[in-house]
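Engineer: Have a look at this one.
The values are calculated or read from the model by the stated rules, or taken from the named source; none is laboratory data. Quantities reported herein were computed from a predicted structural model and do not represent experimental measurements. A quick note on method: Cβ atoms are made from the backbone with ideal geometry, for glycine too, and the neighbour counts reach across all protein chains shown. Ligands, DNA and RNA are stripped out before the accessible areas are found, and what is left, the full protein with its side chains, is counted by its heavy atoms. Shrake-Rupley method; radii C 1.70, N 1.55, O 1.52, S 1.80 Å.
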Amino acid sequence: MEDDFDHTLDSNYGSSHDKVIVHLDADCFYAQVEMLKNPELRTLPLGVQQKNLLVTCNYVARQCGVKKCMLVSDAKRLCPSLILVKGEDLYDYRQMSTKMTLLLQKFSPLVEKLGLDENFVDVTQLVAETLKSDFAGGRNVEGHVYGDTTSMCDCGCYERLCVGSQIASEMRKQLKEELGVTCCAGVAYNKLLAKLVCSTHKPNQQTTLFPAGVSALMLNLNNVRSLPGIGHRTSEILQSLGISSIEQLQNINLEPLEQALGRTMAERLKKLSVGADDMVVKPSGKPQSIGLEDGFRKITLESEVKDKCEVLLQRLMILLVEDGRIPGAIRVTVRKYDNSSRYSHRESRQCNIPSSLFLPKVGTLPSNAHDKLLTSIMKLFHKIIDISKPFHLTLLGVAFTKFHERNTGKGSITSFLVKDISVQSVMNFQNISLHGVEAMECSSSKNAGKQSGSTLNYADKSGSESEPEPSPKKTRADFCRGSRKRSLTESDKDSPNKHRSSELRLSTGEPINEVDFSKLSDGIQEELMESCMSLPSLTDKLGISDNSSPNTSMSSEDNFQCPSNVDPTVFRELPQELQLELMESWQTKDRETLKVANSSKCLPGKPKQNSILKYVISKK
DNA sequence: AGTTATTGAG
DNA sequence: CTCAATA
C-alpha cells in the first residue's frame, strides 16, 4: 500500500497499463434469478416479461431463436413452449444485485455498479499485493485471451493482467457457489476495454485483453454506436460528419469533431476510439435523487395532475423510508404534449423543503407531511403550467434530491424508531402497491401502449457508506480460499419467495414493529425525545441552503426554506417548534417578523461523499 | 452558486 | 423509466 497509484501524474493518462479492471456481467440476469427462485425452470425455455415485452430469456429459449427485447407474441410464435414469468417487481433482482456487489467488495472497495447486473472492480491493489507476496512464478491466464498475444508490453502489465484474470475467475467462482449466479468477466487495464472484452465470450466465460489485442478489439466493433459513451444523439451527429465506423473516428481530424461536439467530448471520443479511457472506478453509493414518473396519453385537468402526483408521492415516501436519508428538495417534472419532437421535451422545477417534515413528531404522527409536500408539488407544477390556459401533459414526475444522512448513530434506537414511525405513517395513509416496470437491456423500444405504468426503480443501497467490510489487507490466499462462510444460509432464510407486491419491505429486512411511545422505558423515551430535539437543528444546518437571492429565475420565493435572513447559528439553537414556526412564517411571506442577520452558505459545493463530518468541517 | 436541460446507460 | 454526469 506504500505503492502509489497516482494516475493523475501520468502523462499518458488513459492509455497507461498500470491498472487492472474487472468487469462482471451476469448472464441474462432476470432469467437467472427466476430460475434460482424456481429451479424447475432451469431446463425449460424461459422468458421474463414486462408489459408486452420479453426483456430477457434464458439460454434454452435462445436456442429456439428467442431474443431479448422481442415482443412476447413474436417469441411465443418462435417457441410455443416458452414459459413466461412476470418481471415487473424488481425486488428480488435488486436483492440479488446487492448481494453480488457485496461479495465483490471483498476483493476491493472500488466496486462500481452499472445497472442491476453489471459491476466494475478495480483490483489494482489486490494484484499488487498478490504479486508481492506470491513468489511462485508461473503466470497463467484464466479463461480466454482476446486476440494477439505475440507482441509483449514490458511495463509489467502482462503479469498484472494474468493475476487479474485469476482474480476474476475466483470472483465468478464465488458468485456461482455462494449466490448461484453465473457471470461473464472481462479483464483489462481500463474500464472501456474491460467492458468491451467482457462480452466477447458469452455466456459464463471470461476474457482477458492485453495491449497487443486492443487494436483488433476496437476495430472489430461494428460502429461508433457500440462505444460506451456514444448514444443515439452523438452517433447521429457523427453520422452527419460521415463517421460511422470506429476506424473513421480514429482517423478524423480533431477540429471538425470539436466543431460539432465541443472540445472535451471530441477529445474523449478520439481516445475512446483507440481504446484509451481514463475513467476511474467510482464506488457507487446511494443515489443522489429518488424519483418516480408516470407516462400517459393525456392529462388536461389540474385535478388529474393532483391525483397523479398524490399517488406518485405515496409510493415515493416508501422508497424514501427504505433509503433512510432525508431529502432537502423536491422536484416536479412535466412533459407537454408535442407530436413534432418524439423526444423528451421535459421541464422541471424544484424547491427546498424543511427536513422537519421527515422527522417523527412524538405522540402526534406527522399526518400533514403528505399534504405539505403535495402543496409544494402543486406550486411547482403551477410554475411550469399556466392552468388558465388549456394544457396537455404526457408525463408527470416527482423526485426528492439534496439528501443528507440522518444524524443519529446507525444502530441507534432513534434511527430505528424514526424509520418505524415513518413507515407507519406511510402505511396509514393508504395501502400501497409496489410495482415496477423496467425496460432493461432494451434500447427503449417505444412504449406504444398507453399508461406506461410508472417505474419503481432506484439504485441499491449496497453503497460504500454501509461499508460492510473494511477488508483488512487481503492476500492472495485470502481471496483464493474465499470466505465461504457467508450467505448460503442467509439467503436461504430470507429466500425471495412470493413477496407480494403490496408488501412493505424495509431495506434491512427487519419486521415492522408497532411502537407505542408511552410503553417505552423512560430512558428510551428520553433518548428519543432528545434526539428529536437535536435532529432538526443538525439537519437544517446541513441540508437547507439559504438561497436568498430573488433574482435566480424561477427558484425560491415560496415553499419552505431555512429563513435566509436569520443567522443560521442562532436558528440552529432554537427549539424545534420555534424553528418550524419561523420557517413557516417565512414561507408564508410573513417575513417582516424576522430579524435580519447575516446568512452564510449552508451547503458545501460538492455533496459528494455525504459524511456528516465533512459537511460540518467544510462549513467553517 | 444553484437550477434546469440534455444525453447516455441500464 | 431511473439515475448520473454535464452543459
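Engineer: Go through A:Val281, A:Val305 for me and flag whichever is touching a Lys or Arg at 6+ places or on another chain (Cβ under 7 Å) and open to solvent by less than 20 Å² (accessible area, probe 1.4 Å).
Structural biologist: Matching residue, one of A:Val281, A:Val305: A:Val281.
Engineer: Does A:Cys69 satisfy the criteria of being of a type outside the set (A, V, I, L, M), modelled with pLDDT under 95 and surrounded by fewer than 19 Cβ atoms within 10 Å (Cβ to Cβ)?
Structural biologist: Yes.
Engineer: Kindly provide the set of residues from the stretch A:130-165 that are modelled with pLDDT of 95 or more and either among the acidic types (Asp, Glu) or touching a strand residue (DSSP E or B) at 6+ places or on another chain (Cβ under 7 Å) (or both), ordered by number.
Structural biologist: Selection gives A:Val141, A:Glu142, A:Gly143, A:His144, A:Val145, A:Tyr146, A:Leu161, A:Gly164, A:Ser165.
Engineer: Which of (1) within 14 Å of DNA strand C (Cβ to nearest atom); (2) part of a helix (DSSP H, G or I) is the odd one out, the single condition A:Asp307 does not satisfy?
Structural biologist: So A:Asp307 meets the others, but not (1).
Engineer: Condition first: under 23 Å from A:Lys282 (Cα atoms) and within 16 Å of DNA strand C (Cβ to nearest atom). Now tell me which residues in the stretch A:180-235 satisfy that.
Structural biologist: A:Asn190, A:Lys191, A:Leu192, A:Lys195, A:Leu227, A:Pro228, A:Gly229, A:Ile230, A:Gly231
Engineer: Can you find a residue in the stretch A:91-106 that is assigned to a strand (DSSP E or B) and open to solvent by less than 50 Å² (accessible area, probe 1.4 Å)?
Structural biologist: no
Here is a yes/no grid of residues against (1) away from DNA strand C (no atom under 11 Å from the Cβ); (2) modelled with pLDDT under 90; (3) in contact with a strand residue (DSSP E or B) (Cβ under 7 Å, 6 or more places away or on another chain):
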| residue | (1), (2), (3) |
| --- | --- |
| A:Pro283 | no, no, yes |
| A:Ser303 | yes, no, no |
| A:Arg315 | no, yes, yes |
| A:Ile318 | yes, yes, no |
| A:Arg325 | yes, yes, yes |
| A:Ala329 | yes, no, yes |
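Engineer: Hey, A:Val85 hits all of (1) in contact with an Asp or Glu (Cβ under 6 Å, 6 or more places away or on another chain); (2) of a type in the set (Val, Ile, Thr); (3) under 20 Å from A:Leu24 (Cβ atoms) but one; which does it fall short on?
Structural biologist: Condition (3) is where A:Val85 drops out.
Engineer: Right, something else. Regarding the stretch A:236-257, can at least one residue be identified that is open to solvent by less than 30 Å² (accessible area, probe 1.4 Å), of a type outside the set (A, V, I, L, M), more than 16 Å from DNA strand C (Cβ to nearest atom) and over 22 Å from A:Cys184 (Cβ atoms)?
Structural biologist: no
Engineer: Let me ask something else about it. Limited to the stretch A:28-58, what total is found for residues that are touching a helix residue (DSSP H, G or I) at 6+ places or on another chain (Cβ under 9 Å), in a loop (DSSP other than H, G, I, E, B) and open to solvent by 10 Å² or more (accessible area, probe 1.4 Å)?
Structural biologist: 5
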